[in-house]
Amino acid sequence: MSLAQIKNLNRRLDNLADEATHELNKACGNELWQSIGFDAFDGLLDLERRSIANYYYGQWQTVREIQQSIG
């Protein structure tokens, strides 16, 4: 991969991580999930919010793993 491609990929991954973070904060109503992890929204009573949080947490984790692997 060229340097320009890596920079572009990192920019897009940052955008995905930002979107996931925003949606997780909205679904959870706070930022506790960042320190607690999956358990922060596992107990959400609203099934739709829990589903949304699970989706975006998976997206957020995937982005983080990709970013770590490409350095």
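Within segment 1-50, can you find the residues that are open to solvent by 70 Å² or more (accessible area, probe 1.4 Å) and hydroxyl-bearing (Ser, Thr, Tyr)? Across segment 1-50, the qualifying residue is only SER35. If you check GLY37, GLY29, GLY43 for being at pLDDT below 85 and at positive phi, only one passes: GLY37.
Contact annotation: residue pairs with Cβ atoms under 7 Å, 6 or more positions apart or on different chains, pairing a residue in segment 23-37 that is within 14 Å of SER51 (Cα to Cα) with a partner that is β-branched (Val, Ile, Thr) and surrounded by 12 or more Cβ atoms within 10 Å (Cβ to Cβ), are GLU23/ILE52; ALA27/ILE52. Among the helices (runs of 4 or more DSSP H) confined to segment 1-42, the ones with at least 2 residues that are β-branched (Val, Ile, Thr) are located at 3-28. Scanning segment 51-71 for residues that are in a helix (DSSP H, G or I), open to solvent by 90 Å² or more (accessible area, probe 1.4 Å) and free of Cβ contacts under 8 Å to residues at least 40 places away in the same chain yields a total of 4.
The values are calculated or read from the model by the stated rules, or taken from the named source; none is laboratory data. Because the structure is predicted, anything quoted here is derived from the model rather than measured. Backbone-built Cβ (ideal geometry, glycine too); neighbour counts: all protein chains shown. The accessibility values were calculated without ligands, DNA or RNA, using every heavy atom of the protein model including side chains. Shrake-Rupley method; radii C 1.70, N 1.55, O 1.52, S 1.80 Å.
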